[in-house]
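The values are calculated or read from the model by the stated rules, or taken from the named source; none is laboratory data. Model, not experiment: these values are computed from the prediction. Note that we place each Cβ from the backbone using ideal geometry, even for glycine, and neighbour counts take in every protein chain shown. The accessibility values were calculated without ligands, DNA or RNA, using every heavy atom of the protein model including side chains. Shrake-Rupley method; radii C 1.70, N 1.55, O 1.52, S 1.80 Å.
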Amino acid sequence: MPDKGNGLSQTTIILRLLCGGYLIYLGVSLLAEGAGALFAGAAVLFILVGGGLLFFTLRAGLRSWKQGGQEDDSDGPDDNKE
């Protein structure tokens, strides 16, 4: 079921976090092997993409968590509903 704020379900958030972490893991393991310049470039790219994926997913999750806490407090009637 999609989340109200940003349209992300819990499954989507969990998959994004897992994929971001796995990309970072792959990048670090490629750098540790020292296979060559091409693999070093790919490893840095994996680390950057994984870090960005983790950062933006966590940021979206925190924003929806903060907005969810504020919206739950208002139990008054909604004037915009027709």
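Points worth noting:
- Taking the listed residues Gly68, Gly21, Gly50, Gly41, the one that is at pLDDT below 80, open to solvent by less than 90 Å² (accessible area, probe 1.4 Å) and either of a type outside the set (Val, Ile, Thr) or assigned to a loop (DSSP other than H, G, I, E, B) (or both) is Gly68, with no other qualifying.
- Considering region 1-18, the residues that are among the charged types (D, E, K, R) and not in a helix (DSSP H, G or I) include one that is modelled with the lowest pLDDT, namely Asp3.
- When residues of region 53-65 are limited to those that are more than 8 Å from the chain's Cα centre (by Cα) and in contact (Cβ under 8 Å) with a residue 24 or more places away in the chain, the one surrounded by the fewest Cβ atoms within 10 Å (Cβ to Cβ): Arg63
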